[in-house]
Amino acid sequence: MSAQPVPPLTAPSTVDALVVGAGFAGLYLVHRLRGQGLKVRAIEAGSDVGGTWYWNRYPGARCDVESMEYSYSFSPELEQEWQWTERYAAQPEIQRYLRHVSERFDLRREITFDTKVTQAIYDAGANRWRVQTDRGEQIEATWLVMATGCLSVPKLPEIEGCERFAGASYHSGHWPHEPVDFSGKTVGVIGTGSTSIQLIPKVAEQAARVLVFQRTPNFSLPSRNAPMDPQEQQRIKQNYREMRTQQRRSPTGVSSYPIPTRSALEVSPEEREQMLEAGWARGGTGLGRTFNDVVRDPAANEVVADFVRRKIHAKVTNPEVAEALTPRDHYIATKRICVDTDYYETYNRPNVTLVDLRRDPLVSIEPQGVRTRDQLHPVDVLVYATGFDAMTGAMLAVDIRNGAGRSLRDTWADGPKTYLGLAVAGFPNLFMVTGPGSPSVLSNMVVSIEQHVDWISDCIGWMRTHGKQRIEARTDAQEHWVTHVNEVADATLFAKANSWYTGANVPGKPRVFMPYLGGVAAYGEKCAAVAQGGYTGFVLDAAAG
Ligand code: FAD
Ligand code: NAP
């Protein structure tokens, strides 16, 4: 993205709050801020609302938090009228839901689509953000809220020759709107993260052949997805308020996961096995929360990892393929655990071949296919499911500068530092939704998004009623928070994994464990205490400048 501003074609438009992004976060921000009487605008790069669910249209895309939980809580009427059709909603349904929200609450009139924010410069004298778009528009706003998403910047792999490939190629995070027809084709899939694990079984049903290029195997758990049971849906709807309270009081924002109370090492091998079998049968990521020390104690972790490894070997008929699919290089649950429908079973199909890049490394992409050290693998279509420049990518794609002209890129050159994942010292009146330093990607994100949007909206409302115009995180409060985030992470096994949580998937990105591991409930209490204390850790000014 160019850092050079395009000259404005029109006079700057002025709003109270500018929201960047129109996914779950941006939509709710528009609703809340406009409801408080603010003049609001949202700018969205896509042609419609949905964010993640607008861009990630690959076959098999669906949530892995149950639909009834992966939904807004702010409107009891919305909760009651929307009918989910599956236990885990697929991408088209989630996007329909978000479109419905945008229409039901009349949010679209504040959103400008097909437009990217390229630059935002804070004018200290005027106490305003001057924002530039790629369409040459300038917008001035008192409040700038980045609802740009944690997983919204697709990352292409650093493989030589990608541009030479003669067939069609797609990144999962930028999937075409028209269905891709794989019939009769040989399809190469690069990557074996959550995305591929959903996509491969679907592509294998249609394509003549699928070649999966795997560098690192991941742990995947069965989803047990099923049509939504109408009675169960009704039961939850009758108890929605209680469920929402439980979500906010839980570590992960998911009410249906039991809060583990026992160590994996304190129960007998027979009981452990029964507990793990129950989690496996229930489906979803809850299995990783069977014991309270899975992400703290290597021995406890091994109990769960060993269980899943045995399941992989039981599912995949070829023992060599099973072993290649079995993760042995990281602790289970320290990289995003995957959830699938028939992923491992797909390798029993005659038209699916696993290419183990640890044994035969990927060298280049050629016009005809993928070259590994030992051979050329001809393919007609290439799918890159190679992930995202996560958590900081979208923020840093915008040239954000403070009143002293210092850029956020320079400020975060050694890794992101934030106060509560909401604000950055030196950057007044700038908020982030689910920024680094908040539970974000380690939680049910809709719960975390609503908590952030509520906190930001309440803060802006409080400032207005108290005659304050400028809020900025204090450097000492930020340092204290960053230390706390690191201490909590260092007490776990998370930081040991080469995951996108640490930026390890992007060459040159500073290695910092970005999300906050203290849990949704504890984090929510800390944010509430900051607000109740009159925004402790922030400097608040009545006057601009
Ligand atoms: P996004 O949905 O990412 O929206 C951000 C929007 O900002 C995008 O539309 C983007 O175009 C726009 N934008 C970014 N930069 C700019 C700019 N400079 N100018 C203009 N517009 C910009 N989370 C869960 O909790 N459970 C799940 O099951 C789950 N499944 C997922 C499945 C996939 C395939 C992926 C990729 C993520 C998944 N997530 C899941 C995480 C998901 O990203 C969040 O749950 C949620 O949708 C994020 O909403 P958001 O509004 O914060 O960000
Ligand atoms: P990802 O987890 O980052 O996986 C990317 C994959 O691409 C990895 O297997 C990686 O291998 C591989 N890769 C990258 N560069 C490569 C190269 N040069 N050569 C070979 N392989 C390469 O990305 P993702 O699968 O898109 O998932 C990202 C996140 O989105 C998830 O963790 C999750 O939070 C969310 N998501 C959720 C769901 C869901 O179930 N609801 C579905 C999809 C996505 P290495 O591991 O070796 O780097």
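If the reach is capped at under 21 angstrom between alpha carbons, list the lysines near residue 202, excluding any in the same chain fewer than eight residues apart.
185, 315
For 462, 481, give me the order by solvent-accessible area with a 1.4 Å probe, most accessible first, ignoring ligands, DNA and RNA.
462, 481
Hey, any idea what the orientation-averaged projected area of the convex hull of segment 449-543's Cα atoms comes to, in nm²?
Over every viewing direction, the Cα hull of segment 449-543 projects on average to 7.4 nm².
Would you give the gap between the C-alpha center of segment 286-320 and the C-alpha center of segment 103-160, rounded to a whole Å?
About 42 Å separates the Cα centre of segment 286-320 from the one of segment 103-160.
Once ligands and nucleic acids are excluded and a 1.4 Å probe is used, how much of residue 412 is accessible, expressed in Å² to the nearest 10?
Accessible area, nearest 10 Å²: 10 Å².
Using just the Cα positions, wrap segment 372-519 in a convex hull and report its mean projected area in square nanometres, one decimal place.
So the mean shadow area of the Cα hull is 12.2 nm².
Ordering 110, 320, 77 by accessible area with a probe of 1.4 Å, largest first, what comes out?
320, 77, 110
Tally Lys and Arg at +1 and Asp and Glu at -1 over the other residues with C-beta under 13 Å from the C-beta of residue 52: what net charge comes out?
Computed value for this residue: -1.
Largest first, please: the extent of the C-alpha atoms of segment 75-160 along each principal axis, to the nearest Å.
The principal-axis extents, from largest down, are 51, 47, 20 Å.
Can you give me the accessible area per residue for segment 460-506, using a 1.4 Å probe, in Å²?
48
If you bin the C-alpha pair distances of the chain every 10 Å from 0, what whole percents do you get?
3, 18, 28, 27, 17, 6, 1, 0
Rounded to the nearest 500, what is the chain's calculated 222 nm mean residue ellipticity when only DSSP H runs of at least 4 contribute -39500 (n - 2.57) each, over all residues?
Estimated from H runs of four or more residues: -9500 deg cm²/dmol.
So what J values fall out for segment 71-76 if you push phi through Karplus, 6.51 cos²θ - 1.76 cosθ + 1.60 with θ = phi - 60°, rounded to Hz, Gly and Pro as x?
In residue order, the calculated couplings are 7, 5, 10, 6, 10, x Hz.
So which trypsin sites (Lys or Arg not before Pro) in segment 170-237 end up in coil per DSSP with only 15 or fewer other C-beta atoms within 10 Å?
For trypsin sites (Lys or Arg not before Pro) across segment 170-237 that sit outside H, G, I, E and B with at most 15 neighbouring Cβ atoms in 10 Å, the list reads 215, 224.
Put 373, 41 in order of accessible area, largest first, 1.4 Å probe: what do you get?
373, 41
Any idea what the dipole of the chain comes to, in debye rounded to 20, about its Cα centre with Lys/Arg Cβ at +1 and Asp/Glu Cβ at -1?
It comes to approximately 520 debye.
The values are calculated or read from the model by the stated rules, or taken from the named source; none is laboratory data. Predicted, not measured: the structure shown is a model, and the values here were computed from it. Every residue, glycine among them, receives a Cβ derived from its backbone with ideal geometry; neighbour counts consider all protein chains shown. Each accessible area value is taken on the protein alone, full model and side chains, heavy atoms only, with ligands, DNA and RNA left out. Shrake-Rupley method; radii C 1.70, N 1.55, O 1.52, S 1.80 Å.
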